[in-house]
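Written out below as structure tokens is the structure these notes cover.
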Amino acid sequence: MKKQVKIAIVAGASCGGCDVAIANLHERLLDVVARSDIVFWHTIADFKKEDLEKQRNIDFGIFIGSIRTEEHLELAKILRERCNFLIAFGTCACFGGMFGLGNVAERYELLKVGYITTPSTENPREVIPGNKFEVNGVDLTLPRLTEWCMPLNKVVNVDIFVQGCPPIEEAIDKFYETIIAYADNGVAPERGTVIAGGKTLCDICPREKPEKITIKRFRRVHEGPIDPNKCLLAQGIICLGPITIAACNAACIRANMPCRGCFGPPPDVLDRAAKFISTIASLVEIENEKLLSDEELIKIVEEIEDPLGTFHRFTFPSGLINKKQEDAEE
Amino acid sequence: MEAVKEKEDFEPRITAFLCRWCAYAGADLAGVSRLEYPPNIIPIMVPCSGRIDPQFILLALKNGSDGVLIGGCHTPNDCHYISGNFKALKRFALLRKYLKQLGINPNRVRLEWISATEGKKFSQVVKEFTEFLKKLGPLKLR
């Protein structure tokens, strides 16, 4: 019993990379197109919100990107109502992505820098998204920013997560198989499925790892040559391999660059930065702990300038404490 | 005026992760020696201060604690598991930086080395920390 599967692809705050990844499956895409009817994809064609509202009984709603404006929020809610399976596609939809780093400031502060105070900006009327402004006698408004950036599952229930920035071919292939199985045999995917590897990046990393990793001092990528065969952490370079899911075939590692963690954490991690603080801090000077004073050890650890931005680069909105707080000063 | 009053009435909640061998034994000693200290503290026994995942501390803060106390064995040689206290020390240093970036006063998390014989130090630390948090006011997360 073959049936045409209805698919809607909606984007929130995204860079467009995931849209490209969806289309980037060569001939396999034809199998999917033959079985499906793409009813909404506003990155590709001129669709408006009303077009999504008109739709009923969408089988797969794919959401790309995080929730950053009120329009994204609205679209996510409409999509949830209209579709059977909602898919958070890519790191931004699953964890908030790089846009999430904006949560270190209030939305007004962000807009002020972006639209008013940057030296290259000339904006005498101080037009910012959310405020009405007049052009040639017509009132225009851009969508307001939501108070904070959020991943999709903080707003609506999500059925399937596809991790990756963007998800690699294998993951998308697996996802397409789900769609084809649903179209051809009516096999419904299990709700709550995460399409990504189950292991961490270190597990598939081809580099040679010493018995005991010990960091004498932290080094940045541009400071001297990097040994392409030795574990990066053992060389003092911060590599997020231990808390990143192995769904990327270690592409950066093979190119002699440390992992930045774009594929998101493995399951059961509550707060990625806290988890990595635990990992990286305990590696510092393991062999000489007792020879150094407490202050000396703390000094080495504090060489890490920006723990939030480095460890939570792609996942800040999904952490335990996921926005800037207002607390009494020291 | 009202804000001041609120601060005076405020009783902070402190979650304390105490290592089984030193700090918890120190707390026990404070108890059997009948030393007085404020009742604001909720002690949790952990096998070693090296077992305390920074996630625990964030969870405690998120779930209503105004402060977190970590108690471990003195460096360099007291740790029952040889180097657990060093792990705690290094994690704590980095966590402080992270908390600062989150906009949370890092002094809400306090690390103290308390040995099994230092019941007096334990009661002193709890007293001081409670006073400090009273002055600082409650942690209001948003």
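Take the conditions (1) of a type in the set (A, V, I, L, M); (2) in contact with a Lys or Arg (Cβ under 8 Å, 6 or more places away or on another chain); (3) surrounded by fewer than 24 Cβ atoms within 10 Å (Cβ to Cβ); (4) closer than 22 Å to A:T193 by Cα; A:L86 misses just one of them, which is (3).
The number of residues in the range A:283-330 that are crowded, with 22+ Cβ neighbours inside 10 Å, small (G, A, S) and within 9 Å of chain B (Cβ to nearest Cβ) comes to 1.
Sub-7 Å Cβ pairs linking a first residue in the range A:251-279 that is within 25 Å of B:A88 (Cα to Cα) and more than 14 Å from chain B (Cβ to nearest Cβ) to a second residue that is open to solvent by less than 10 Å² (accessible area, probe 1.4 Å) and of a type outside the set (A, V, I, L, M, F, W, C), at least 6 apart or interchain, are A:G261/A:T244, ordered by first then second residue. Per this entry, A:N153 is not counted among residues that are of a type in the set (S, T, N, Q) and in a loop (DSSP other than H, G, I, E, B). Residues in the range B:126-142 that are open to solvent by 10 Å² or more (accessible area, probe 1.4 Å) and part of a helix (DSSP H, G or I) were compared, and the one that is farthest from the other protein chains (Cβ to nearest Cβ) is B:K127. Just one of (1) outside any helix (DSSP H, G or I); (2) under 18 Å from A:I298 (Cβ atoms) fails for B:A16. It is (2).
Quick check on this structure: which one of A:G192, A:G186 is more than 14 Å from chain B (Cβ to nearest Cβ), open to solvent by 20 Å² or more (accessible area, probe 1.4 Å), within 18 Å of the chain's Cα centre (by Cα) and farther than 19 Å from A:C165 by Cα? If you could, list the steps in order and put the result at the bottom.
On the way: A:G186 fails: within 18 Å of the chain's Cα centre (by Cα).
Answer to the check: A:G192.
From the list A:I172, A:I168, A:I179, A:I245, the one residue that fits, being among the β-branched types (V, I, T) and farther than 17 Å from A:C94 by Cβ, is A:I179. Reported count of residues in the range A:184-211, each being of a type outside the set (V, I, T) and touching a helix residue (DSSP H, G or I) at 6+ places or on another chain (Cβ under 6 Å), is 5. If the condition is being part of a helix (DSSP H, G or I) and either free of Cβ contacts under 8 Å to residues at least 60 places away in the same chain or facing chain A (nearest Cβ under 9 Å) (or both), then the range B:96-123 contributes B:R96, B:K97, B:Y98, B:L99, B:K100, B:Q101, B:L102, B:P106, B:N107, B:R108.
This table checks each residue for (1) farther than 14 Å from A:M98 by Cβ; (2) in contact with a Pro (Cβ under 8 Å, 6 or more places away or on another chain); (3) among the hydroxyl-bearing types (S, T, Y).
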{"residue": "A:L270", "(1), (2), (3)": "yes, no, no"}
{"residue": "A:K275", "(1), (2), (3)": "yes, yes, no"}
{"residue": "A:T279", "(1), (2), (3)": "yes, yes, yes"}
{"residue": "A:S282", "(1), (2), (3)": "yes, no, yes"}
{"residue": "A:T315", "(1), (2), (3)": "no, yes, yes"}
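Flag not set for A:E106, criterion: over 23 Å from A:Q325 (Cβ atoms) and either open to solvent by less than 20 Å² (accessible area, probe 1.4 Å) or in contact (Cβ under 8 Å) with a residue 24 or more places away in the chain (or both). I'd like the full set of residues that are more than 24 Å from A:G102 (Cβ to Cβ) and not in a loop (DSSP other than H, G, I, E, B), limited to the range A:10-35. Hits for the range A:10-35 are A:I22, A:A23, A:R28, A:L29, A:L30, A:D31, A:V32, A:V33, A:A34, A:R35. Hey, can you tell me all the residues within the range B:85-95 that are facing chain A (nearest Cβ under 7 Å) and not charged (D, E, K, R)? Once the filter is applied, which keeps residues that are facing chain A (nearest Cβ under 7 Å) and not charged (D, E, K, R), the range B:85-95 yields B:F86, B:L89, B:A93, B:L94, B:L95. For the range B:23-39, filtering for residues that are of a type outside the set (D, E), touching a residue at least 12 places away in the same chain (Cβ under 8 Å), over 13 Å from B:K121 (Cβ atoms) and in a loop (DSSP other than H, G, I, E, B) leaves 1. Once the range A:182-212 is narrowed to residues that are aliphatic (A, V, I, L, M) and modelled with pLDDT of 90 or more, the residue that is farthest from A:S14 (Cα to Cα) is A:I204.
Can you find, within the range A:37-58, the residue that is nearest to the chain's Cα centre (by Cα) among those that are open to solvent by less than 80 Å² (accessible area, probe 1.4 Å) and within 23 Å of A:Q163 (Cα to Cα)?
First pass over the range A:37-58, keeping only residues open to solvent by less than 80 Å² (accessible area, probe 1.4 Å): A:37-43, A:45, A:47, A:49, A:51-53, A:55, A:58.
Those left that are additionally within 23 Å of A:Q163 (Cα to Cα): A:38, A:40-43, A:58.
Values: A:I38: 24, A:F40: 22, A:W41: 20, A:H42: 20, A:T43: 19, A:I58: 25 Å.
Per the stated criteria, the residue is A:T43.
The values are calculated or read from the model by the stated rules, or taken from the named source; none is laboratory data. Predicted model, so just to flag it, every value in this text is computed and none were measured. Note that we place each Cβ from the backbone using ideal geometry, even for glycine, and neighbour counts take in every protein chain shown. Only protein heavy atoms, including side chains, enter the accessible area calculation; ligands, DNA and RNA are left aside. Shrake-Rupley method; radii C 1.70, N 1.55, O 1.52, S 1.80 Å.
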